[in-house]
Structure formats: structure tokens, C-alpha cells
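Let me begin by presenting the structure, written as C-alpha cells, before commenting on it.
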Ligand SMILES: [Zn+2]
């Protein structure tokens, strides 16, 4: 019985040890590739993140490039009839105003000038878009409907210190 048990025990130990050995061998051999896969996955992940970052940078650069002149560009357009402002109007390259209003189908959109003044003579952070009389075929100087100042082509911004004050006002919450 004992002699019978011992071999069976030995067999058990042997098979166990050989199994664990085998298992550890398998796990070792599978650990090797799994480490590689992990590194590969990390590398791919890193590359993917880098690619996304590059795409975002390229996109932001190309939006800046758009204003310089590529296939199309976004700009502000104002409807001379309704006064409606189109903040991100897409203009195809070489397309001259008046542009077509997508809502009405009429060519009544013009590029506005920006007025950054308030009626109290301070600067503001959101401009009022004003169409110049000379652009829409009206006589006389153009005045801003918000502050009453005269608006000219390439309308100048308020001094930097007034803009800074406006930014500070906005920060403190009192507009
Ligand atoms: Zn104004």
C-alpha cells in the first residue's frame, strides 16, 4: 500500500511540479509577448495621442491660415437688409461680396467693420459689427448704432489700456 502510495505521491508531485513548471513556462513564454504587446499598445497609444495633438495643432494653425487665404475661410458677415450677423460665414476663395445669405438666398451679406467702444467712451470685449455706408452704397459717414462714434475702414481699436480695463471689468463681473 505504502509502496503503492509513494509512487502515486511522487507521481502527483512530479506531475504537479511538471505542471507548474509547464505552467510557469507557458506563463513565462506568454509573459514575454504580453510585455511586448503592452509596450506596443503603449507605443501605439502614445503615437495616437501624438497624432491627435498634431491634428489639433494643424487644425488650429490652418484656421489661422484660412484668414491668409486658402481654399475657404470663415469671417463675419452682416446682412445689409436685416442687420443679422453671421459670425462664421464660410467664404470660398475668390468669392467677393455681397455674399449670399443662406437663409434668404439673397446676396445681401457684407464684411463689417468692428467697433469696440461703448457709449460712455470705454472699450468693450465684444465688438459691434457695423457695415460701412461706402460698402453698402449709402452716402455720408458711418456711425456705430451702439455708441454713436464714426466707423471707418479698418476701424481702429481702442487703446490697449482701455481694453485691459474692459477685461478687468469683465473679470470682476461688472460689465
Ligand atoms: Zn460703437
| query | Residue check, residue 82 against (1) assigned to a loop (DSSP other than H, G, I, E, B); (2) assigned by TED's automatic domain parsing to the domain that holds residue 138, all met but one. Which one? | reply | (2)
| task | Look at segment 96-112 and say how many of its residues are closer than 25 Å to residue 152 by Cβ and under 25 Å from the mean Cα position of the chain (by Cα). | result | 2
| query | Got a number for residues in segment 127-175 being in contact with a helix residue (DSSP H, G or I) (Cβ under 7 Å, 6 or more places away or on another chain) and either assigned to a helix (DSSP H, G or I) or on the phi > 0 side of the Ramachandran plot (or both)? | reply | 1
| request: Select from segment 112-126 the residues that are assigned to a loop (DSSP other than H, G, I, E, B) and either within 9 Å of the ligand (Cβ to nearest atom) or modelled with pLDDT under 95 (or both) and write down the one among them that is nearest to residue 99 (Cα to Cα). | output: 118
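The values are calculated or read from the model by the stated rules, or taken from the named source; none is laboratory data. Computed from a prediction, not measured in an experiment: that's the story for all the values here. Every residue, glycine among them, receives a Cβ derived from its backbone with ideal geometry; neighbour counts consider all protein chains shown.
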